[in-house]
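The values are calculated or read from the model by the stated rules, or taken from the named source; none is laboratory data. Every value quoted in this text rests on a predicted model; they were computed, and no experiment measured them. Counting neighbours? That spans all protein chains shown, and the Cβs are built from the backbone with ideal geometry, glycine included. Surface areas here come from the heavy atoms of the whole protein model, side chains and all, with no ligands, DNA or RNA. Shrake-Rupley method; radii C 1.70, N 1.55, O 1.52, S 1.80 Å.
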Amino acid sequence: MAEDIIEVEHFKQTYDGKKFVVDDVSFHVKRGEIYGLLGKNGAGKTTTIRTLTTIMPVHYGKVKVLGLDVSTHPEKIRQRIGVVLQSESFDFTTVEKNLKIYGMLWDVPGEVLKARIEEVMEVFDLSRLRKIRALELSGGQKKRLQVAREFLHDMDLLFLDEPTVGLDPIMRRTVLNYIKEKAKAGLTVLYTTQIMEEADYLCDRIAIMNNGKIVAEGTSDFLKSKYGDLKTIKIHISGNVNREDLKMMFPEFVQIEGDEVRLISKNVEDVLPDMILYFKRSGIHIERINVEETSLDDVFLRVVS
Ligand SMILES: Nc1ncnc2c1ncn2[C@@H]1O[C@H](COP(=O)(O)OP(=O)(O)OP(=O)(O)O)[C@@H](O)[C@H]1O
């Protein structure tokens, strides 16, 4: 059986010593796995990553990375991991020099570094930007450089905190495929994203966090089948709807987005007629109704709402 690269047991984290923003979280990640950490803003994903990457100390629970305790072996861990956080920092020099400096900081030998710089420039479409100063790049281009440079050095485990923010769909797919390729070769990846299709496409297993806790965990298929008897009802309406009313009358109600009211239910046949009646009585016109199979997006909405 593959070894555990990340072991987290009953881990809690706090910034102020009072409120636990990560609250009794346990999960394990095996070598070569791509593990997705999903959750709303403020769910505790980055705090978990900060701790696993030894930026924040552990006071509660067990946190081991690469078989090493993060409290006692932070240096050893840092030598074997790559980290792409949401914020970036670059030198004042060109794209190419930035990559060179980053590789040198990691002691990547000259010839190897040269070859890897060419590879990542090709993959991340940076070749034509090589002479541009990094600070003058667009947001998406900066992100590409930030992710690309992390692949210059050897590592066993890579942390990617929303690495595709600002990337166009083609580049996003390229980056995901590159990560998949590296994982096939043995790299373990801990990945956060707000884009459910991305997690669905990339991650071997997914944990959904809410208010500092893991509220669902498993493969995408497992999560979908767990909630598979559920259907998503999307009702497009014209007219003003009272959110609080809907919430009270229909526990299946999930959200209103623009003119779309979304519900998730096991009993579409029961809920739908009641809903139609409710809109009729409220003088709200129904434009159209769609009933769909559950997607990871729906699972997410269901478990965090
Ligand atoms: N430096 C900090 N000081 C105090 N509180 C913080 C700090 N950083 C985060 N928090 C709080 O901890 C909680 C978890 O934040 P965290 O950044 O881990 O969430 P997240 O899941 O990564 O969110 P996002 O998707 O927005 O990145 C939030 O309530 C946040 O306000």
Inset, instruction - Take the cross-link list 40/224; 76/131; 97/184; 45/114 and give me the ones stretching past 25 Å between alpha-carbons. - result: 76/131; 97/184; 45/114
Inset, instruction - Would you please name the chymotrypsin sites (Phe, Trp or Tyr not before Pro) within segment 5-68 that are DSSP coil residues with at most 15 other C-beta atoms within 10 Å of their C-beta? - result: 15
Inset, instruction - Place a +1 charge on the Cβ of each Lys and Arg in the chain and a -1 charge on the Cβ of each Asp and Glu, then give the dipole magnitude about the Cα centre in debye, rounded to the nearest 20. - result: 660
Legend entry - Other-chain or far-sequence residues with amide H under 5 Å of residue 83's (modelled H): 159
Inset, instruction - Let me know the shape class of segment 105-177, please: from the alpha-carbon gyration tensor, a ≥ b ≥ c as square roots of the eigenvalues, rounded when a/c is under 1.5, otherwise prolate if a/b is greater than b/c, or oblate. - result: oblate
Legend entry - Residue-wise HN-Hα coupling along segment 232-243, computed from phi with Karplus coefficients 6.51, -1.76, 1.60 (Hz; x: Gly, Pro): 9, 9, 10, 10, 8, 10, 10, x, 8, 10, 8, 4
Legend entry - Cβ charges +1 (Lys, Arg) and -1 (Asp, Glu), total dipole of segment 96-217, debye: 440
Inset, instruction - With θ set to phi - 60°, apply the Karplus curve 6.51 cos²θ - 1.76 cosθ + 1.60 along segment 278-288 and write out the HN-Hα couplings as whole Hz, x wherever there is a Gly or Pro. - result: 4, 5, 4, 5, 8, x, 9, 7, 8, 7, 6
Legend entry - Cross-link partners of residue 142 among aspartates and glutamates (Cα-Cα below 16 Å; sequence separation of 8 or more within a chain): 88, 91, 96, 122, 125, 150, 161, 162, 168
Inset, instruction - Would you pull out the residues with amide H under 5 Å of residue 56's amide H, same chain only if 5 or more places away, H placed 1.01 Å from N? - result: 51
Legend entry - Amide H contacts under 5 Å for residue 255, placed H, 5+ residues apart: 262
Inset, instruction - Return the whole-Å distance between the Cα centroid of segment 8-73 and the Cα centroid of segment 117-160. - result: 27
Inset, instruction - Would you mind working out the accessible area per residue for the chain, using a 1.4 Å probe, and quoting it in Å²? - result: 49
Inset, instruction - Quick one: grab Rg to one decimal and Dmax as a whole number for the chain, Cα atoms only, in Å. - result: 22.4, 74
Legend entry - From phi via Karplus (6.51, -1.76, 1.60), per-residue ³J(HN,Hα) for segment 104-119 in Hz, x at Gly/Pro: 5, 4, 8, 6, 6, x, x, 5, 4, 4, 4, 5, 5, 4, 4, 5
Legend entry - Tilt relative to the chain, helix 169-184 - C-alpha long axis, 0 to 90 degrees, to 10: 60
Legend entry - Sum of -39500 (n - 2.57) over DSSP H runs of 4+, divided by residues of the chain (222 nm, nearest 500): -10500 deg cm²/dmol
Inset, instruction - Of the options 284, 211, 164, report the single residue whose Cα projects farthest towards the positive end of the charge dipole of the chain (beta-carbon charges: Lys, Arg +1; Asp, Glu -1). - result: 164
Inset, instruction - Express in whole angstrom the spacing between the alpha-carbon centres of segment 201-257 and segment 83-105. - result: 39
Inset, instruction - Can you send over the carbon and sulfur percentage of the accessible area for the chain, probe radius 1.4 Å, protein chains only? - result: 50
